[in-house]
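Notes follow once the structure below has been shown.
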Amino acid sequence: MKKFVSCFVLVLGSFAFVGCGAAVLPEEYVASQGHSAFRQMKRQERISTNPKHNAMVKRVAKRIADASDIELPKTEWEFVVFENDAVNAFALPGGKVGVYTGLIDLVDSDDELAAVIGHEIAHVACRHGNKRLSQGLGIALGGVLLDRSMKKKDKDDRQLARIGYGVGSQLLVALPYGRKQETEADDRGIMYAALAGYDPRAAITFWQKMKKQSKVRPPEFLSTHPATDNRIAYLESKMENAMRIYQQGKEARGESP
Ligand SMILES: [Zn+2]
């Protein structure tokens, strides 16, 4: 534990002084923050007992997690359906994924749900939570670390790590991903969906529905995500490659094209 704490402080310290963004936290630390935030959400939010919704999410998520296994071996995946009208889904480091019933109501097929879950799993695979948390903790703890270095006195490292611990899990939930991260997750997300045997074109129909829905009530999913038209255009530009993966997978499984 002691070694972990000093490593954590060292990493934080290095980017607090050389600028945010470049440094990346130890992955085990970030995963522990993801697990902690998810535990808290499960305590605070209503978990769905709808067997159809739960079965759908588990079925799709399992196939996509298996498809991404090369990049994320040994991940302790957990997929939970939250009873909430918000059209939203999220992924936390360490493989914790939440899907809201509002989003399930909007999707019409496993293929469309695969587009969303593929996107969320891609955030985990790209370690976006780690990058987001590095930046967030740099802002939140920069002052504490600066104070510590100026006094040139050893404060209790454990106390510092404790502050970071609570702040970290909150930041993971509160901070939005950047535009570049969203684009990366879109690209990789449809590849995962295609690899898992889901039609990647469903990502486009899903986002078209999101666009329509946003005119009535802007879904939360959109507030942290790029403009829908840009997103659809980007997905279309990636579709040829995704369709090739999808068709090859079908042929390999002996399914009709
Ligand atoms: Zn996203």
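Output the residues belonging to region 31-73 that are of a type in the set (Lys, Arg) and assigned to a helix (DSSP H, G or I).
Scanning region 31-73 gives Arg39, Lys42, Arg43, Lys52, Lys58, Arg59, Lys62, Arg63.
Which members of region 168-185 meet the condition of being within 10 Å of the chain's Cα centre (by Cα) and hydroxyl-bearing (Ser, Thr, Tyr)?
Across region 168-185, the qualifying residue is only Tyr177.
Among the residues of region 199-215, write down those that are of a type outside the set (A, V, I, L, M, F, W, C) and under 19 Å from Asp105 (Cβ atoms).
If the condition is that a residue be of a type outside the set (A, V, I, L, M, F, W, C) and under 19 Å from Asp105 (Cβ atoms), then Thr205, Gln208, Lys209, Lys211, Lys212, Gln213, Ser214, Lys215 are the ones that fit.
To keep it simple, each residue is scored yes or no on (1) in contact with a Ser or Thr (Cβ under 9 Å, 6 or more places away or on another chain); (2) hydrophobic (A, V, I, L, M, F, W, C); (3) away from the ligand (no atom under 16 Å from the Cβ); (4) more than 24 Å from Ala193 (Cβ to Cβ).
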site: Val30; (1), (2), (3), (4): yes, yes, yes, yes
site: Asn50; (1), (2), (3), (4): yes, no, yes, no
site: Arg59; (1), (2), (3), (4): no, no, yes, no
site: Arg63; (1), (2), (3), (4): no, no, yes, no
site: Asp66; (1), (2), (3), (4): no, no, yes, no
site: Glu76; (1), (2), (3), (4): no, no, yes, no
site: Ala89; (1), (2), (3), (4): no, yes, no, no
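Considering region 100-119 alone, what residues qualify as being within 20 Å of Met191 (Cα to Cα) and of a type in the set (A, V, I, L, M)?
Passing the criteria: Val107, Leu113, Ala114, Ala115, Val116, Ile117.
Are there any pairs with C-beta distances below 9 angstrom linking a residue in region 174-185 that is in contact (Cβ under 8 Å) with a residue 24 or more places away in the chain to a residue that is aromatic (Phe, Trp, Tyr) and more than 9 Å from the ligand (Cβ to nearest atom), with the two at least 6 apart or on different chains, and if so which?
From region 174-185, the pairs are Thr183/Tyr234.
Among the residues in region 249-257, are any modelled with pLDDT under 90 and basic (Lys, Arg)?
Checking region 249-257: at least one residue is modelled with pLDDT under 90 and basic (Lys, Arg).
Kindly indicate whether any position in region 231-240 is exposed (fewer than 12 other Cβ atoms within 10 Å of the Cβ) and at pLDDT below 85.
Taking every residue of region 231-240 in turn, none turns out to be exposed (fewer than 12 other Cβ atoms within 10 Å of the Cβ) and at pLDDT below 85.
Give the residues of region 166-185 that are under 15 Å from Ile232 (Cα atoms) and open to solvent by less than 10 Å² (accessible area, probe 1.4 Å), sorted by residue number.
Residues satisfying the conditions are Glu182, Ala185.
The values are calculated or read from the model by the stated rules, or taken from the named source; none is laboratory data. The model shown is predicted, which means the values in this text are computed figures rather than measured ones. Cβ atoms come from the backbone with ideal geometry, glycine included; neighbour counts cover every protein chain shown. To get the accessible areas, we keep the full protein, side chains included, count just its heavy atoms, and leave off ligands, DNA and RNA. Shrake-Rupley method; radii C 1.70, N 1.55, O 1.52, S 1.80 Å.
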